[in-house]
Amino acid sequence: VSATETRRWTLNDFDIGKPLGRGKFGHVYLAREKRSNHIVALKVLFKSQLQQSQVEHQLRREVEIQSHLRHPNILRLYGYFYDQKRVYLILEYAAKGELYKELQKCKYFSERRAATYVASLARALIYCHGKHVIHRDIKPENLLIGAQGELKIADFGWSVHTFNRRRTMCGTLDYLPPEMVESVEHDASVDIWSLGVLCYEFLYGVPPFEAKEHSDTYRRIVQVDLKFPPKPIVSSHAKDLISQMLVKDSSQRLQLHKLLEHPWIVQNAEPS
Ligand SMILES: COc1ccc(C(=O)Nc2ccccc2)cc1NC(=O)CCSc1ncnc(N)c1Br
């Protein structure tokens, strides 16, 4: 039976292969479930580290959320098991690896590729919001590419989890919307903001509010200091869409289902 069956897994059920993700994901290995020959990604988390950063309950909640999510653009979490010192997550393997590496290699994407990615992420987010799950941590580092070139949201950050990681791991703040930077109430529209930041980065190769110092990034975000460089040349439809998503007042941001009807998406995204 495939890895999706809910049974008690142990390490002996898997042949472990090469390391996959970089350190930031924790240790992730290619693995094959012996009975089904199913290829998976096995993520190893140290209980000591989880305890240190008090994220055990978040991990449990995440596993719970994941077990109800099924979408082609959301990486599956098939199951988990643990031993004395470690927790193991059995994950879907994304055959074409990490999106951010692809973005670094290409510098920026074509409008067709960017629109196709943005449309698939919008559909995944619409699906999640329909299940009252918000806050997919959709920066490039958490996106993977499946065997058919499709995007997969690969990490289930949610506010505290994501925030801790950003604060403690001093990762990028670029993706935080004003309401999070100003730590006020936020809702599903945070995902629309982040998708707008992602769309900009797909087309220009850098996030819109990037700055040397965190304090400058903060300021640029809360002021929505959005500028479109002259190069690379980007269509006005694309700029229009981004401008409708990166709006300070979260109630005024373009709704996700409206995004799918935007001319730039309609004219550039590959049909799903
Ligand atoms: C559904 O995907 C996840 C779900 C949950 C968590 C997670 O750690 N949650 C978590 C950990 C600690 C505390 C609270 C939550 C992580 C992932 N995903 C990942 O870590 C991605 C691993 S890298 C990779 N994976 C597949 N194919 C590849 N080619 C690569 Br490279």
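The numbers here are math on the coordinates, done by the rules we state, and not lab data. Values in this document were obtained by computation on a predicted structure and should not be read as measured data. Counting neighbours? That spans all protein chains shown, and the Cβs are built from the backbone with ideal geometry, glycine included.
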Handout entry: Residue among GLU213, GLU33, GLU182 with the largest mean-square fluctuation in a Gaussian network model of the chain, springs linking Cα atoms under 10 Å
Key = GLU213
Problem - For the chain: relative contact order, % (alpha-carbon pairs under 8 angstrom, 6 or more apart) - result: 16 percent
Completion exercise
For LYS248, placing the label point 7 angstrom along Cα-to-beta-carbon and taking segment 204-242, residues whose amide nitrogen sits under 15 Å are 218-227
Exercise for the section: Measure nothing but the geometry: give the 0 to 90° angle between the long axis through the Cα atoms of 56-67 and the longest principal axis through the Cα atoms of the chain, rounded to 10°. Expected result: 80 degrees
Completion exercise
Rounded to the nearest 500, the 222 nm mean residue ellipticity computed for the chain from DSSP H runs (n ≥ 4, each -39500 (n - 2.57)) alone is -11500 deg cm²/dmol
Problem - Candidates per trypsin sites (Lys or Arg not before Pro) in segment 76-142, loop by DSSP, up to 16 other Cβ within 10 Å - result: LYS85, LYS96, LYS107, LYS131
Exercise for the section: State, to one decimal in nm, how far the label point of LYS34 lies from the label point of LEU59, with both points 7 Å from Cα in the Cβ direction. Expected result: 2.4 nm
Problem - Listed pairs LYS18/LYS139; LYS85/LYS107; LYS47/LYS131; LYS231/LYS258 exceeding 31 Å between Cα atoms - result: LYS85/LYS107
Exercise for the section: Quickly work out the ALA95-to-PHE228 label distance, labels modelled 7 Å from Cα along the C-beta direction, and quote it in nm with one decimal. Expected result: 3.7 nm
Handout entry: Length added when fully stretched, GLN267-GLU213, from 0.36 nm per residue minus Cα-Cα
Key = 15.7 nm
Exercise for the section: Measure nothing fancy, just the Cα-based angle from helix 111-130's long axis to the longest principal axis of the chain, in degrees from 0 to 90, nearest 10. Expected result: 60 degrees
Problem - Distance (nanometres) between label positions extended 7 Å along Cα→Cβ at SER110 and SER235 - result: 1.2 nm
Exercise for the section: Work out the charge dipole of the chain with +1 on the Cβ of Lys and Arg and -1 on the Cβ of Asp and Glu about the Cα centre, then indicate which of SER120, ALA154, PRO207 is farthest towards its positive end. Expected result: ALA154
